[in-house]
Amino acid sequence: TWLRADLAIIKAWKADPAGNLVYRRTARNFNPNMATAAKVTVVEVEEIVEAGSLDPEAIHTPGIYVDRIVKSTINEKRIEKLTERKREAV
């Protein structure tokens with residue numbers, strides 16, 4: 001059996017108005033699969049670019065699988081935290 005979902009809410013880096021998507025880093029692991037497996041796909045993107053500006057070879061998910069595009073307003077990566085400790089004098 002395959003993975004089938006009624007709704008997929010995914011995050012992409014760039015999209016054009018036709019719904020073609022480009023992902024960054026670890027978002028390429030499961031987002032393309034879920035976009036193709038869902039009946040309705042809603043995408044939150046960091047940047048919407050003009051039609052035709054994405055390289056066709058760089059598109060990870062074609063627009064045929066995307067139903068809605070929402071522009072992200074908060075792009076803060078809260079999981080990334082800088083932690084440092086003071087080194088002891090040797």
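The values are calculated or read from the model by the stated rules, or taken from the named source; none is laboratory data. Because the structure is a prediction, the values reported are computed rather than measured. Reconstructed Cβ throughout: ideal geometry from the backbone, glycine too, with neighbour counts over all protein chains shown. Heavy atoms of the whole protein, side chains included, go into the accessibility calculation; ligands, DNA and RNA do not. Shrake-Rupley method; radii C 1.70, N 1.55, O 1.52, S 1.80 Å.
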Task: Close pairs (9 angstrom Cβ cut-off, 6 or more residues apart or separate chains): free of Cβ contacts under 8 Å to residues at least 24 places away in the same chain and among the charged types (D, E, K, R) in region 49-65, buried (at least 17 other Cβ atoms within 10 Å of the Cβ) and not in a loop (DSSP other than H, G, I, E, B) anywhere - done: D55/V22
Task: Positions within region 54-79 being part of a loop (DSSP other than H, G, I, E, B), over 15 Å from K11 (Cα atoms) and of a type outside the set (D, E, K, R), in sequence order - done: L54, I79
Task: Residue satisfying condition, being assigned to a loop (DSSP other than H, G, I, E, B) and open to solvent by less than 90 Å² (accessible area, probe 1.4 Å), within set A51, A12, A27 - done: A51
Open item on the list: Here are the criteria: (1) open to solvent by 70 Å² or more (accessible area, probe 1.4 Å); (2) under 17 Å from R4 (Cβ atoms); (3) not in a strand (DSSP E or B); (4) not small (G, A, S). Tell me which single one K39 does not satisfy.
Closed with: (3)
